[in-house]
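Below is one structure, written out as structure tokens; the observations come after it.
What follows is calculated from the coordinates using simple rules that are stated; it is not laboratory data. Keep in mind that this is a model prediction, so the values were computed, not measured. All Cβ positions, glycine included, derive from the backbone under ideal geometry; neighbour counts span all protein chains shown.
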Amino acid sequence: MKIIINIILLAFVSPCCYAQNIVFDAASIPEQLKKNAYSVKRAERINFDIKAINKASYKVHKVVTILNENGKDELEFHEFTDKFVSLESVQIQLFDARGAVIRKYKKSDLIMQSSGEGLVPDGKVFYIEFPAPAYPLTIQVDYELKLNGLLNYPRYQVQMPEQSVESSIYTATVPTDLDLRFKGINTTILPSTTDDGKIKTYSWSIKNLPALEYEVGAVSYASRYPHILISPNKFELDNYEGDMTTWKNFGKWYGLLAKSANNLTDERKQFFQSLVKDAPNDRDKIKIIYTYLQSNCRYVLISLGIGGFKPFDANFVDKKKYGDCKALSNYAQACLSAIDIKSYQALINSDYNKSPVDPAFPYNGFNHVILCIPNQKDTIWLECTSNTAEFGVLGNFTENKYALLIAEDGGKLVPTPKSNALDNVFSSNSLVELAEDNSGTVTVHLQTTGAYRQDFANYLDNQKKDEQKKFLVNYIGYPEPDDFDIIYDLSNKKDDTKITMSLHKIPEFTAGKKVFLNPRIYKIWGSDLPKSDGRTQDFYFEHPFIKTDTTSYHLPDGYTVESIPEAKEFHNNYCSFSSSYTYDETKRMLQSVVKLELNEFKIPVAKYSSVKNFFNEVLKEYTGKLVIKRL
């Protein structure tokens, strides 16, 4: 009987009291949990209590030992609040390696800032970063959120990169008539469940889970590390009730939410009709509207779902000239509607190495909104948040994903385009005028498309000269110039950028009368890919590409060529490389021509070793030198 009573009492111990029984001494961590670990989750209890279709509480008790500086991300706390989420309480304690309390924090110690530039009602961020006098140290965090409006159920993130787990429990309680759905990602753990007819309880429990070694270039950690997605069946947000058991129903809810926001005045509708009156076809009309949007509206970074899903109406954006992704996409849709062109907003999860949403598991995994215009010959996709994106080009941010198209009859999950190598071209032609003192001038003509064009627009347009120099040196790989000038034009499909540079030293080195030149004025590939030994995850490049370079060295009087590297050519199923060298003695022109092509951005782990070896050969090729000598 005494044992039974003790068990019952333990069940009612609060997370805060429970923490007092935990050994905070870092020396008590089992050795197997330290391997490959920067931090160890000692004890975690998460309670997600769904009280109604639109109300819930989320309580977290977490104790983490940070083993070294690489785990310092755990030494911070931040939560976003708005009219749907309130931070009720916070208690944080830091402990030294032996488990003695270093310092305590409460909610009033947090830094609070307004968020959302007025687009998010009551939007605030509470945050704080904690000092680390020495490692290891332990942090205990207890906090509670109250949710007034539910669309996203917080997922169970089992572990973070390089984090092992000693003990973790996630419990979700939900009214039986609402219930919930779940899906394990990179884990087979299943919850224990109980149902008393009124409340259904799901509980996941983890113990002694070793750390996973971080692999550079793998799918984003949010998709790679073990976690449980949890999704409602029925939900209510912003006083709009919805159903998420199918993609179609979820799309119906968002369509109803956004419908009232499409409200341009008749005067502004007439303005847009006048704007496109001379355009010969719908595609040109759409491009004119998109160009107007890019030239007149500013993007405010607010992730989809922060502050709700209802976009600010078209009139607001038209007057204020700014908005977040959902507001700008809604505005573009309203402008197109004014000229009788049908378009559809589309919810999407963004970033090049994020896994697409699962068609078989309706779940709000979206963080962005784009626009889709079905056309007779092709479908046009618009990224409405960028002032520099090419018309009809999504880029690696949202390509090759599933987008939830918000149609009249509900949501339709459709794939977005996937770029190929020809869509992302970097073509360089450089003339190097080499002087006798080894200084010289370099004139470069560049043509870029796709992702490279976008990079040039982001890093060159309206940037200070110091920032432009960093881009030339750190991104492209040119030697640091003494002076430079850039002329570029972003208006064409293929950019024509001219760069002139003055350098006090062009050769890699000299030896007596001999001068050793690099094969080209920049490295066409400059990074060493991560190790292949023991790799378990597919590798992601940001995009497929074609890079070509022609570098011509004009030698000064009295110089000739002594030796040049041999031509090279090698390839595999994913990439190819070729190089060649020629010398025109009459013109004293030494020329290097090279081409590097990558056909796929995702490399299966079984093939990664061959791709890494390929790029090792590309790096090695650059070490060959063009040797000239003074007569």
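Simple spin-label estimate for S610 and T291 gives 4.6 nm between the two label positions (7 Å along the Cα-to-Cβ direction from each Cα).
Calculated FRET efficiency, K277 to K587, Cβ-Cβ distance, R0 = 51 Å: about 0.40 to the nearest 0.05.
Take every pair of alpha-carbon atoms less than 8 Å apart whose residues are at least six positions apart; their mean separation over the length of the stretch 374-440 yields a relative contact order of 19 percent. Extension gain for the segment K319 to S114, taken as residue separation times 0.36 nm less the Cα-Cα distance, is 71.5 nm to one decimal.
The charge dipole of the chain, taken about its Cα centre with unit charges on the Cβ atoms of Lys, Arg (+1), Asp and Glu (-1) only, comes to about 1000 debye.
Given 0.36 nm per residue, what is the gain on full extension from N239 to F391 after removing their alpha carbon distance, in nm? Could you put the intermediate results ahead of the total?
Values: separation 152, 0.36 × 152 = 54.72 nm, distance 3.64 nm.
Difference between extended and current length: 51.1 nm.
Nearest 5 percent is fine: what portion of the DSSP beta bridges confined to the stretch 182-254 is antiparallel? Antiparallel bridges: around 100 percent, rounded to the nearest 5.
Spacing of the modelled spin labels on L301 and T443, each 7 Å from Cα toward Cβ, amounts to 3.9 nm. The residue among G440, Y581, Y522 whose Cα reaches farthest toward the positive pole of the charge dipole of the stretch 421-630, with charges on the beta-carbon of Lys, Arg, Asp and Glu, is Y581. Straight-distance candidates among the lysines for linking to K568, with alpha-carbon spacing under 18 Å and chain neighbours fewer than 8 residues away dropped: K523, K547, K595, K612, K620, K625.
When each of the peptides 56-65, 174-183 is scored by the mean number of other C-beta atoms lying within 10 Å of its residues, the order from highest to lowest reads 56-65, 174-183. If the segment from T379 to V473 were pulled out straight at 0.36 nm per residue, it would be longer than the present Cα-Cα gap by 30.0 nm.
The stretch 17-91 and the stretch 533-558 have Cα centres lying 43 Å from one another. State the label only: which of (1) 50, 36, 22; (2) 43, 31, 20; (3) 47, 35, 20 corresponds to semi-axes √(5λ) of the Cα gyration tensor in Å computed from the shown model? Answer by label: (1). The calculated FRET efficiency for E480 paired with D122, based on their beta-carbon distance and R0 = 41 Å, is about 0.30. Within the straight-line cut-off of under 25 Å between alpha carbons, the lysines reachable from K252 are K51, K55, K83, K183, K234, K310, K326, K342, K401, K412, sequence neighbours fewer than 8 places apart in one chain being disregarded. Between E433 and D466, the FRET efficiency from the beta-carbon distance, with R0 = 35 Å, is close to 0.85.
Report summary: the helix-based calculation at 222 nm, which adds -39500 (n - 2.57) for every DSSP H run with n ≥ 4 and divides by the residues of the chain, gives -5500 deg cm²/dmol.
For the stretch 342-481, with only Lys/Arg (+1) and Asp/Glu (-1) charged at the beta-carbon, what is the dipole magnitude about the Cα centre, in debye rounded to 20? Walk me through the numbers on the way to the answer.
Details: 11 positive and 17 negative charges, 90 e Å.
So the dipole magnitude of the stretch 342-481 works out to roughly 440 debye.
In this label model, D284 and T193 are separated by 6.0 nm, measuring between points 7 Å along each Cα→Cβ vector.
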